[in-house]
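Chemist: Handing you a structure now.
The values are calculated or read from the model by the stated rules, or taken from the named source; none is laboratory data. In this text, all values refer to a predicted model and were calculated from it rather than measured experimentally. Positions of Cβ are generated from backbone atoms using ideal geometry, with glycine treated the same way; all protein chains shown enter the neighbour counts. All accessible areas refer to the heavy atoms of the entire protein, side chains included, with ligands and DNA or RNA removed. Shrake-Rupley method; radii C 1.70, N 1.55, O 1.52, S 1.80 Å.
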Amino acid sequence: MLLLIRMALLLVLVLLVTLLGIVFCLLTLNSKNRVYHLGRVFAKVGPLFGLSISGRVSDKAHSVPQAVYVANHQNNFDLFTLAVVVPKGVVTVGKTSLRWIPFFGLLYWVSGNILINRNNRKKAIATIDQVVNSMKRTGLSIWMFPEGTRSRGRGWLPFKRGAFHAAVQAGVPVIPVVCSSTHDQVKLNRWNNGKVIVEMLDPISTEGLHETDVVKLMKQCEEQMHQTQQRLDAELAAKG
C-alpha cells in the first residue's frame with residue numbers, strides 16, 4: 001500500500017514540478033541560478049522516499065567563484081540526494097538522450113543544462129571545447145558525472161576525462177561531491193529508508209596544469225572520492 005501511495009505522490013509531484021519549473025525557467029531565462037532553484041525543490045523530496053538527507057559543504061568550496069563539480073552517479077535517486085548541495089551559478093552536463101525523457105527532458109533543457117553526445121568521441125571532445133568557451137563567456141560553473149552513467153550497484157565505474165579536461169582548459173578548480181552509498185537502500189514499500197550524507201569536498205586546484213596532467217588530476221580526484229564514500233558509509237554504519 002505504501003508503495004502505491006508513494007508512486008502516486010511521485011507522479012503528481014513530477015508533473016507539478018515539471019510544469020511549474022518550465023514556466024519558471026521561461027520567465028527567468030537570463031538567470032544563472034535556474035538549476036540551483038530547481039535543486040532546492042528536488043532536495044525536499046527525499047522524505048517522500050523515507051530518506052533523511054544531510055549536506056556538508058567545505059568552507060573552501062564556498063569561496064570558489066567558478067569550478068567544475070564532479071559527483072558520483074549511483075541511481076535515479078541522485079536527483080534528490082545530490083540536489084542538497086547544488087550551488088548557485090551552475091549548470092549540469094548530461095547525455096543528449098535526456099531530452100527524450102517525458103516531461104523531465106524539457107525541464108532539463110529549458111533550465112540551461114548542456115547536452116552532449118557521449119557516444120561520438122569526436123563530437124564529445126568538440127562539445128567539451130564549447131562548454132569551456134561557455135564557462136569563460138558566462139562565468140557559470142558546470143556539474144558533471146565522470147563515471148558517465150549510473151553505477152546501479154556495480155561499484156564505482158571508471159572515470160572519464162571530459163570533466164577534468166574542461167577544468168584544466170578553463171583554469172578553474174575541480175570540486176568533488178560524494179554521496180554515501182544508496183544502492184539497495186531505498187525500498188518504496190518501507191517507511192524509513194535511513195540516512196544519506198552528501199559531502200562537497202575542498203577544491204582541487206588546476207593552476208599551472210596542462211593537458212598532459214589531466215589523467216593524474218582525474219586519478220587524484222577519483223581516489224579521494226572513493227575514500228570519502230567509504231568514510232561516509234562507515235560513519236552511517238556506526239550510527240546504526
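Chemist: Among all residue pairs at least 6 apart or on different chains, which show Cβ distances below 6 Å where the first residue, located in the stretch 40-68, is hydroxyl-bearing (Ser, Thr, Tyr) and the second is not in a helix (DSSP H, G or I)?
Modeler: Going by the 6 Å Cβ cut-off, the qualifying pairs are SER52/LYS195; SER54/ILE197; SER58/MET200; SER58/LEU201; SER58/ASP202.
Chemist: Could you tell me whether HIS226 is surrounded by fewer than 17 Cβ atoms within 10 Å (Cβ to Cβ) and in contact with a Gly (Cβ under 8 Å, 6 or more places away or on another chain)?
Modeler: On the way: surrounded by fewer than 17 Cβ atoms within 10 Å (Cβ to Cβ): yes; in contact with a Gly (Cβ under 8 Å, 6 or more places away or on another chain): no.
No, not satisfied.
Chemist: Filter the stretch 200-223 for residues that are charged (D, E, K, R) and open to solvent by 30 Å² or more (accessible area, probe 1.4 Å); which is nearest to PRO47 (Cα to Cα)?
Modeler: Start the filter on the stretch 200-223 by keeping residues that are charged (D, E, K, R), which leaves 202, 207, 211, 213, 216, 219, 222-223.
Among the residues that remain, those that are also open to solvent by 30 Å² or more (accessible area, probe 1.4 Å) are: 202, 207, 211, 213, 216, 219, 223.
Values: ASP202: 28, GLU207: 40, GLU211: 43, ASP213: 42, LYS216: 39, LYS219: 35, GLU223: 31 Å.
Only one residue fits best here, namely ASP202.
Chemist: Another question about this same structure. Kindly indicate the residue of the stretch 108-123 that is at pLDDT 90 or above and out of contact with any Cys (no Cβ under 7 Å at 6 or more places or on another chain) and also most open to solvent (accessible area, probe 1.4 Å) among those meeting that condition. I'd like the intermediate steps shown before the answer.
Modeler: Residues of the stretch 108-123 that are at pLDDT 90 or above, as a first pass: 108-113.
Next cut, out of contact with any Cys (no Cβ under 7 Å at 6 or more places or on another chain) only: 108-109, 112-113.
Details: TYR108: 25, TRP109: 157, GLY112: 27, ASN113: 18 Å².
Among residues in the stretch 108-123 that are at pLDDT 90 or above and out of contact with any Cys (no Cβ under 7 Å at 6 or more places or on another chain), the one most open to solvent (accessible area, probe 1.4 Å) is TRP109.
Chemist: Here is a further query. Checking the condition modelled with pLDDT of 95 or more, out of contact with any Asp or Glu (no Cβ under 9 Å at 6 or more places or on another chain) and in a helix (DSSP H, G or I), which residue from ALA126, ALA167 passes?
Modeler: On the way: ALA126 fails: modelled with pLDDT of 95 or more.
Exactly one of ALA126, ALA167 is modelled with pLDDT of 95 or more, out of contact with any Asp or Glu (no Cβ under 9 Å at 6 or more places or on another chain) and in a helix (DSSP H, G or I), namely ALA167.
Chemist: Search the stretch 139-158 for residues that are open to solvent by 40 Å² or more (accessible area, probe 1.4 Å) and pair each with any residue that is among the charged types (D, E, K, R) and at pLDDT 95 or above when their beta-carbon atoms are under 9 Å apart and the residues are at least 6 apart or on different chains.
Modeler: TRP156/GLU222; PRO158/GLU222
Here is a yes/no grid of residues against (1) more than 19 Å from VAL198 (Cβ to Cβ); (2) of a type in the set (Phe, Trp, Tyr):
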{"site": "LEU38", "(1), (2)": "no, no"}
{"site": "ILE53", "(1), (2)": "no, no"}
{"site": "VAL57", "(1), (2)": "no, no"}
{"site": "TYR69", "(1), (2)": "no, yes"}
{"site": "ASN72", "(1), (2)": "no, no"}
{"site": "LYS95", "(1), (2)": "yes, no"}
{"site": "ILE116", "(1), (2)": "yes, no"}
{"site": "THR149", "(1), (2)": "yes, no"}
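Chemist: Also, I was wondering about something else. Among the residues of the stretch 98-110, are any in contact (Cβ under 8 Å) with a residue 60 or more places away in the chain and among the hydroxyl-bearing types (Ser, Thr, Tyr)?
Modeler: Taking the stretch 98-110 and keeping what is in contact (Cβ under 8 Å) with a residue 60 or more places away in the chain, we get 103-104, 106-107, 110.
From what is left, the residues that are among the hydroxyl-bearing types (Ser, Thr, Tyr) are none.
The answer is no, given that none of the residues of the stretch 98-110 is in contact (Cβ under 8 Å) with a residue 60 or more places away in the chain and among the hydroxyl-bearing types (Ser, Thr, Tyr).
Chemist: Test GLY50 against the stated conditions and say whether it is crowded, with 19+ Cβ neighbours inside 10 Å, in contact with a Phe, Trp or Tyr (Cβ under 6 Å, 6 or more places away or on another chain), over 30 Å from VAL168 (Cβ atoms) and not β-branched (Val, Ile, Thr). Talk me through it step by step, then tell me what you get.
Modeler: Values: crowded, with 19+ Cβ neighbours inside 10 Å: no; in contact with a Phe, Trp or Tyr (Cβ under 6 Å, 6 or more places away or on another chain): yes; over 30 Å from VAL168 (Cβ atoms): yes; not β-branched (Val, Ile, Thr): yes.
The answer is no for GLY50.
Chemist: Check off (1) over 17 Å from the mean Cα position of the chain (by Cα); (2) part of a loop (DSSP other than H, G, I, E, B) for ASP202 and give me the number that stays unchecked.
Modeler: It fails just one condition, (1).
Chemist: Hey, another quick one. What number goes with the only condition from (1) touching a Leu at 6+ places or on another chain (Cβ under 8 Å); (2) in contact (Cβ under 8 Å) with a residue 60 or more places away in the chain that THR206 does not pass?
Modeler: Failing condition for THR206: (2).
Chemist: Turning to a different aspect of this structure: Being of a type in the set (S, T, N, Q) and without any contact (Cβ under 8 Å) to a residue 60 or more places away in the chain is the filter; apply it to the stretch 12-39 and report the residue that is farthest from GLY139 (Cα to Cα). Break it down into steps so the answer makes sense when it comes.
Modeler: From the stretch 12-39, those of a type in the set (S, T, N, Q) are 18, 28, 30-31, 33; that's our starting set.
Restricting the remaining residues to those that are without any contact (Cβ under 8 Å) to a residue 60 or more places away in the chain gives 28, 30-31, 33.
Values: THR28: 17, ASN30: 13, SER31: 12, ASN33: 12 Å.
Across the stretch 12-39, the extreme among qualifying residues is THR28.
Chemist: Let me ask you something else. For residues in the stretch 9-47 being open to solvent by less than 80 Å² (accessible area, probe 1.4 Å) and of a type in the set (D, E, K, R), which is nearest to ASN113 (Cα to Cα)?
Modeler: The qualifying residue nearest to ASN113 (Cα to Cα) is ARG34.
Chemist: For the stretch 174-193, how many residues meet the condition of being more than 16 Å from ILE53 (Cβ to Cβ) and crowded, with 20+ Cβ neighbours inside 10 Å?
Modeler: So the count comes out to 3.
Chemist: Residues of the stretch 79-103 being part of a helix (DSSP H, G or I) and either at pLDDT 85 or above or open to solvent by 50 Å² or more (accessible area, probe 1.4 Å) (or both), which ones?
Modeler: Filtering the stretch 79-103 down to residues part of a helix (DSSP H, G or I) leaves 79-85, 96-100.
The answer is LEU79, PHE80, THR81, LEU82, ALA83, VAL84, VAL85, SER97, ARG99, TRP100.
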